[in-house]
Amino acid sequence: MTISAQDPVPVAHAGPVVAAGAADRDETSATDLLLPLVVVGAAGVLAAYGYVRRSRRARTRTTPGVVSVRPPVPTGGDFERQARTALVVADDSVRTSREELSFAEARFGATAVEPFVRALRAAETELAAAFAIRRRYEQGVPEDEVARRQALVGVVGRCAEAGRRLDAETPAFDRLRALAEGVGEALEVAEGRFRELTARTGGAAVTLGGLGGRFAASTVEPVTGYLEQAKDRLVFATGHLNACRQTADAGDLERAARHLRAAEGAIAQADVLVTGVERLAAGVREAAGLVPAALTGAESAIAAARGGGPADVPAGELRARIARADGALAAVRRELTGGGPYDPLDALRHIARAVEPLGGGRTGVVSAAALLVARGAVDAADDFVGTHRGAVGAEARTRLAEAARLLAGRGPGLALADQLAREARDLAERDVRAHGTPYAGETTTGLSGAVLGGILLAEDPDAGPPAGFGGPETRGRFRA
């Protein structure tokens, strides 16, 4: 399955707010010692990848040719593809591990899962570093071609370390869950969460309907189709919960565990989709209440700028910025007083962006408005990527990771965080459109949404095994 004409969607073979958690000091030291070895190994993988790819092409072509016994040096395109693939696989591994870990914590408690939480945070830290390297690479840093290739090898190395952290804990995690010995209590946890979500989905539909009558259509665009997708995931979960109970009763515990994992993945994504609708509704209500105060705060910032703006801004440029800010605020006021529906979050976005070039809005109500807008954009993009990760590529994920980093800083980068999150969402939607709908003919079991969401690793004709806690070597272990 492909996400675009260039990049294959990777699948893991048994052996991605991407917010970076802080690993403990001992783990960080071990990473520092191990990373050079990982990078060297990653470079070897890149070379072998290029060699195997070219050798296979040479063996299968119809015209005569000679295969060199010396592996060719990987091209820049080889490094690019490997880095993109590594980012997608590592990000998927982190996301899936986080989802399954939530079910384990619900059953066994926070203390029992603490070692796995630490492993996940360490993996998140490595993945965040990989995304940061990739983001600088996209911006042209470093400039030297050799150094740029080394940066890509560093991306692969960081992703490999993230996967290793998770893979190392998978055996202990499986012993804790003990699904192969019996799925009874775990099934009860999943069914309880399923029932809760079913009720919440109906309530979210009512809430969303209420927004549509009061606010502009653009207000609810970020969650358009979410409730339908949530219901689709719940349909998929229903089938696998029933199959889990039936196979467990028949004594086939390994199959029961596979059905349970598939159901848990679908339930987790339905939760993300329903929560996204609930969160947007709460954000819109908060934004609507904040708009008048934000306008007043922005007017104060403009007045302060007239008395003397940033020292490094020439007087003529400052006057132009003030004029643009006045125009933006006037447009927001006209929208508010026009009597028609409006988008409160978009109004706050325009207010915050109007005063940012004046050096104002970094504290007080305008800062709160900028934070609300940026947080909403990052959350919306993260929800979309997570529930469509079977199709979303590295570019969207990289923008999202940078947006999440800027949001965590809560400083002058909030406007950029909002912009990057919106770009990430646009890129992710483009990837999904290019990918198309897998299993388009199936309409009753939710299989298509499960594959698109990465709940099932689509490596077999019947969609493949469910993904589980672990890195690239272990997250696909629930296969027949």
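Show the residue pairs meeting these rules: Cβ distance below 7 Å; 6+ apart or different chains; first residue within the range 467-480 and at positive phi; second residue buried (at least 24 other Cβ atoms within 10 Å of the Cβ).
G470/S93; G470/S97; G470/L166
Does A391 fit the bill of being in contact with a His (Cβ under 7 Å, 6 or more places away or on another chain), hydrophobic (A, V, I, L, M, F, W, C), under 30 Å from G436 (Cβ atoms) and open to solvent by less than 30 Å² (accessible area, probe 1.4 Å)?
Answer is yes for this residue.
Between T387, T445, T437, T398, which is closer than 17 Å to R135 by Cα and polar (S, T, N, Q)?
When all the criteria are applied, what remains is T398.
With (1) open to solvent by less than 40 Å² (accessible area, probe 1.4 Å); (2) over 30 Å from R324 (Cβ atoms); (3) at pLDDT 95 or above as the list, and L211 as the residue in question, which single condition is left unmet?
(3)
Can you name every residue in the range 422-449 that is more than 30 Å from V373 (Cα to Cα) and either at pLDDT 95 or above or not in a loop (DSSP other than H, G, I, E, B) (or both)?
L447, S448
Inspect all residues belonging to the range 292-308 and state whether any of them is open to solvent by 50 Å² or more (accessible area, probe 1.4 Å), in a helix (DSSP H, G or I) and among the basic types (K, R).
yes
Would you tally the residues in the range 88-116 being part of a helix (DSSP H, G or I), among the aliphatic types (A, V, I, L, M) and open to solvent by less than 30 Å² (accessible area, probe 1.4 Å)?
Total meeting the criteria: 6.
Taking the condition of being surrounded by fewer than 16 Cβ atoms within 10 Å (Cβ to Cβ) and under 16 Å from E356 (Cβ atoms), how many residues in the range 309-327 meet it? Talk me through it step by step, then tell me what you get.
Of the residues in the range 309-327, the ones surrounded by fewer than 16 Cβ atoms within 10 Å (Cβ to Cβ) are 310-312, 314-317, 319-320, 323-324, 326-327.
Next, only the ones that are under 16 Å from E356 (Cβ atoms) stay: 310, 312, 317, 320, 323-324, 326-327.
Matching residues across the range 309-327 total 8.
Any chance you could count how many residues in the range 224-242 are more than 23 Å from the chain's Cα centre (by Cα) and within 12 Å of P466 (Cβ to Cβ)? If you could, list the steps in order and put the result at the bottom.
To start, the set of residues in the range 224-242 that are more than 23 Å from the chain's Cα centre (by Cα) comprises 235, 238-242.
This time we only want the ones that are within 12 Å of P466 (Cβ to Cβ), so: 240.
Summing the residues that are more than 23 Å from the chain's Cα centre (by Cα) and within 12 Å of P466 (Cβ to Cβ) in the range 224-242 gives 1.
Restricting to the range 214-254, name every residue that is outside any helix (DSSP H, G or I) and either more than 20 Å from T275 (Cα to Cα) or touching a helix residue (DSSP H, G or I) at 6+ places or on another chain (Cβ under 8 Å) (or both).
Correct list: F215, A216, A250, G251, D252.
Going by the conditions given, is V366 under 30 Å from Q229 (Cα atoms) and open to solvent by less than 10 Å² (accessible area, probe 1.4 Å)?
For V366, the condition - under 30 Å from Q229 (Cα atoms) and open to solvent by less than 10 Å² (accessible area, probe 1.4 Å) - is not met.
The values are calculated or read from the model by the stated rules, or taken from the named source; none is laboratory data. Bear in mind the structure is a predicted one, so any value in this text is a computation, not a measurement. Neighbour counts are summed over all protein chains in view; Cβ atoms, including those assigned to glycine, are modelled from backbone coordinates with ideal geometry. We work out accessible area using only protein heavy atoms, side chains counted, and drop any ligands, DNA or RNA first. Shrake-Rupley method; radii C 1.70, N 1.55, O 1.52, S 1.80 Å.
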